[in-house]
Amino acid sequence: GQFVGNGHDKTSFLSVMYLYLIINDISIYFLFLEFKRILKGHSFVANKGKLCYDEQHKSRIDKLKFGGIVVGIYRINKSNVCAVAKLMSTIKPDWWDFAGASQQLQDVSLLANLIGWYIGEKANPKGWILCAEYEGYSYLTIECLGYDENGIFVMEEQLEPLLRQAEEHTREKGYRNLKYVIGSTDMSCHGRPIQNYSEELKELKSYGRKHFDYFVQYGFSPTGFIPNCYGKNYHGIIMIKPLI
């Protein structure tokens, strides 16, 4: 159709249309930035990761395939903490009863911020990892973790998706290290007093300790000891994975 009106009206109309196009372009650009922020670098090595959303909680969940079953990784919170505590106390009752597991998952007495995730179906956890953030020391420490492998308690490669989730969270928070303490069972330092810590660290060997060997393969290194951590001559080995 033909534009009807004087020159001033036509100029005003074109100005308004030009401003609308600019605003529309800016809106699209900011929408692109928002999607880029949501999708940034989120992937898993284990199987093929797929990003999707839990519409109820508006939270980011990664779906993984284990034996043809699609499972997700979920943030541990008040609505699901009992399910994780039940898993912990069922798969390893000599370490946790239900009350003890529930308390550890929600312990606010630590001078740190607790954060954890579990893997499996939403109402049926198969594994978990509980961590604590120490902002002042710029690290995230793994407090406890475990996985139900057909009724057997394991703590190695089955938990790698959760380890990667914890590592991604650590990087996003700007912390510089991941920390984990491993008991000295089946290690060269076990069952006797540690006299010279630096020499003991140099000579540290695994005598087939699968748990230690897996975490070394994942990128952790032994950096020190907590003597008698789990009992007399049962030491804790401090493992660190630097992130910078």
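Every number in this text was worked out from the coordinates using simple rules, so none of it is lab data. Just so it is clear, the structure is predicted and the values come from calculations on it, not from any experiment. Don't worry about glycine lacking a Cβ; one is built from the backbone with ideal geometry, like all the others, and counts go over all protein chains shown.
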Considering residues of region 195-220 that are free of Cβ contacts under 8 Å to residues at least 24 places away in the same chain and surrounded by 12 or more Cβ atoms within 10 Å (Cβ to Cβ) only, the residue nearest to the chain's Cα centre (by Cα): G219
Residue within region 99-108 that is farther than 19 Å from A166 by Cβ and in a strand (DSSP E or B) present: no
Enumerated helices (runs of 4 or more DSSP H) restricted to region 138-244, each holding at least 1 residues that are farther than 21 Å from W117 by Cβ: 197-202, 210-218
Flag if S89 is crowded, with 17+ Cβ neighbours inside 10 Å, over 25 Å from P222 (Cβ atoms) and of a type in the set (S, T, Y): yes
Scope region 116-142; condition of a type in the set (A, V, I, L, M, F, W, C) and surrounded by fewer than 18 Cβ atoms within 10 Å (Cβ to Cβ); matching residues: A123
